[in-house]
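Here is the structure we will look at, set down as structure tokens.
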Amino acid sequence: MIEIIDVRGLSCPEPVLRTLEAIKKTDKETLQILIDTETSKENIIRAVNSVKWKILEVKKELDSYRIIITKHQ
Amino acid sequence: MKRFETFFATKWGIIFVGITIGVLASILQKLGNPPNMGICVACMERDIAGSLGFHRTELVQYMRPEIIGFVLGAFVSALIFKEYRPRGGSAPFVRFILGVFAMIGALTFLGCPWRTLLRLAGGDGNAIFGLLGLITGIFIGTRFLKMGYSLGKSQKFSSKISGIWFPLIMLLFLILLFIDQFLLQSNQGTILHYSSKGPGSMHAPILFSLLIGLFIGFIAQKSRFCTMGAFRDIILFKQPHLFWGVFALFLSAFVTNLILNQFNPGFENQPIAHNMQIWNFLGMALAGLSFTLAGGCPGRQLFLSGEGDNDAAIFATGMIIGAAISHNFGLAASPKGIGPHTPEAIILGFLVCLIIGFVSREK
């Protein structure tokens, strides 16, 4: 089961807060984050790098982005 | 173009934007804007409220082209970089109320976060208490965010046209301002109200104000410059990205003021400021809390409005109406000190914000 965190439509800084919370709680190796603004994309990439997780992929979808992150460096 | 875009997401990108705002604000002051008020989103929205006749304080009425420029510049930037995205519906009326109290707090101190920094950069020691209040208010806001505070998700609007109304209103204001210039020349009555003395009468030439506003709106939209976010992200995540921009704004305004002979250190007789420190502190604490609960400082809300964010547009409208309420009911401060009913309004503001903070949760 893939863990997906859907933060589309949330105001700053909730997308980053929820991503960091999920990273803290999860026992999975990878997580997917759904976002809908460029601002959230930049903020989440910055936050994920600061906690030493790695961005695997940023996929552009119809009206959103899917960011796949992983624990392994 | 791609390199230009990614530059603004970097540390040097946000520093560049901070320097630009700091330098241009000090220059606007030299060109005629009020002292230590080269740019002040709260004061300028208050002047707009006066210009529209929403309040009748004759000293603070002018249709500030900088504000119009911020929204339209951000709108153009969002269109060019494909970030224009009409959206809204995340507790709009709560955001309106937050905008009202943000303005009541800001007008108790006499400035938004930008002007707090510009006042400091001009040597106004009273702004230290405003800055401490701002940080305290943001700190309280972050406690709510940690407890799961949220105003809920916004929806993407299906019609592309749904995001253009706030920028269009700004364009209308600009047209009215231009029409009035012709009416003034032919000695006819104007459509809008204009101060003949006081801060509202002090302004840079319209075209300079407009062009600087457009330029700042354009680059600030792309860089996500936010004074509240700067302190919030340090408190919440120890993330200094936005703070670099705010620090650059302060430092560049300070240096420009020194060069232009606009630096006058002290606490007494500072321009458009009072030294009732407890109220300087509490006013900005209320403003800081409101900005945090609404997700952006007044400038950032204008840039978001330009992207098509209806919730941000409603917050900005709340601030304009808040200015009218402040001046109509004796809440706004003046250089003589706070208004006759400032204390009641600040207490009410804190009560309302705390209730909003405690009850708003996204399941």
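The values are calculated or read from the model by the stated rules, or taken from the named source; none is laboratory data. Fair warning: this is a prediction, and the values are worked out from it, not measured in the lab. All Cβ positions, glycine included, derive from the backbone under ideal geometry; neighbour counts span all protein chains shown. These area figures cover heavy atoms from the full protein model, side chains too; ligands, DNA and RNA do not enter into them. Shrake-Rupley method; radii C 1.70, N 1.55, O 1.52, S 1.80 Å.
Side notes on the structure shown:
- At R0 = 25 Å, FRET efficiency that the Cβ-Cβ distance of B:SER186 and B:ILE206 yields, to 0.05: 0.90
- Under the Karplus curve 6.51 cos²θ - 1.76 cosθ + 1.60, θ = phi - 60°, whole-Hz ³J(HN,Hα) for segment B:305-318, x wherever Gly or Pro sits: 4, x, 7, x, 7, 5, 5, 5, 4, 5, 4, 4, 4, x
- Under Karplus coefficients 6.51, -1.76 and 1.60, residue-wise ³J(HN,Hα) of segment B:82-96 in Hz, glycine/proline x: 6, 10, 6, 8, x, 7, x, x, 9, 6, x, 6, 4, 5, 4
- Minimum 30 Å² accessible area buried by the other protein chains, segment B:213-236 residues, probe 1.4 Å, relative to alone: B:ARG224, B:ARG232
- Contact order normalised by residue count of segment B:89-167, Cα under 8 Å, 6+ apart, percent: 43
- In this structure, the residue pairs whose Cα-Cα separation is over 18 Å, taken from A:LYS59/B:LYS153; A:LYS71/B:LYS146; A:LYS24/A:LYS54; B:LYS2/B:LYS222, are A:LYS59/B:LYS153; A:LYS71/B:LYS146.
- Overall form of segment B:2-359 per C-alpha gyration tensor (a/c, 1.5; a/b vs b/c): rounded
- Full extension of the chain between B:VAL255 and B:SER158 yields a length gain of 30.2 nm, computed as 0.36 nm times the residue separation minus the alpha carbon distance.
- Think of chain B as having a plus end and a minus end, set by charges on the Cβ of Lys, Arg, Asp and Glu; of B:HIS241, B:PHE291, B:PHE303, B:HIS241 sits farthest toward the positive end of this dipole.
- Unit charges at the beta carbon, dipole of the protein assembly as shown: most positive-side option, B:VAL41, B:GLY18, B:SER334: B:GLY18
- Residues of segment B:152-168 buried by at least 20 Å² of accessible area upon assembly of all protein chains, compared with the chain on its own (1.4 Å probe): B:LYS153, B:SER154, B:LYS156.
- Taking amide H as placed 1.01 Å from N in the peptide plane, B:HIS193 has its amide H under 5 Å from the amide H of B:LEU52, B:GLY53, each at least 5 places away in sequence or on another chain.
- B:ILE320 contributes about 20 Å² of solvent-accessible surface, heavy atoms of the protein only, 1.4 Å probe.
- For the chain pair A and B, buried accessible area totals roughly 1800 Å², probe 1.4 Å, rounded to the nearest 100.
- Alpha-carbon centroids, segment B:91-113 and segment B:276-350: separation in whole Å: 2
- Residues in segment B:180-195 carry Karplus couplings, in order, of 4, 5, 5, 4, 5, 5, 9, 6, 9, x, 8, 6, 9, 8, 9, 5 Hz; the curve used is 6.51 cos²θ - 1.76 cosθ + 1.60 with θ = phi - 60°, and Gly or Pro positions show x.
- Percent carbon-and-sulfur accessible area, the protein assembly as shown, ignoring ligands, DNA and RNA, probe 1.4 Å: 67
- Backbone N under 15 Å from the B:LEU176 label point (7 Å along Cα→Cβ), restricted to segment B:283-326: B:317, B:320-321, B:324
- Note on B:GLU5: accessible area approximately 40 square angstrom, rounded to 10, probe 1.4 Å, nucleic acids and ligands left out.
- What the protein assembly as shown shows is 40 Å² of accessible area per residue, with the surface traced by a 1.4 Å probe over protein heavy atoms.
- Projecting the Cα atoms of B:LEU52, B:PHE75, B:ALA121 onto the dipole axis of segment B:48-121, where Lys and Arg carry +1 and Asp and Glu carry -1 at the beta carbon, places B:PHE75 farthest toward the positive end.
- Residues whose placed amide H lies under 5 Å from that of A:ASP6, excluding near-sequence neighbours: A:LEU34
- List A:ASP63, B:ASP180, ordered by accessible area with a 1.4 Å probe, largest first: A:ASP63, B:ASP180
- Mean separation of Cα contacts under 8 Å (6+ apart) over length of segment B:54-207, as relative contact order %: 51
- Heavy-atom accessible area for A:ARG8, with the other protein chains in place and a 1.4 Å probe, reaches approximately 90 Å².
- Taking the Cα centre of segment A:3-71 as reference, the dipole from Cβ charges on Lys and Arg (+1) and Asp and Glu (-1) amounts to some 300 debye.
- Take B:301-307, B:192-198 and order them by the average number of nearby Cβ atoms within 10 Å per residue, most first; the result is B:301-307, B:192-198.
- Ordering A:ARG66, B:ARG64 by accessible surface, largest first, gives A:ARG66, B:ARG64; the 1.4 Å probe counts only protein heavy atoms, with every chain in place.
- Number of partner chain Cβ atoms within 10 Å, mean per residue of B:317-327: 0
- Each Lys and Arg contributes +1 and each Asp and Glu -1, all at the Cβ; summed about the Cα centre of chain B, the dipole is approximately 1000 debye.
- Listed residues A:VAL16, B:VAL23 arranged by accessible area, highest first, probe 1.4 Å: B:VAL23, A:VAL16
- Residue mean of other protein chain beta carbons inside 10 Å, A:11-23: 5
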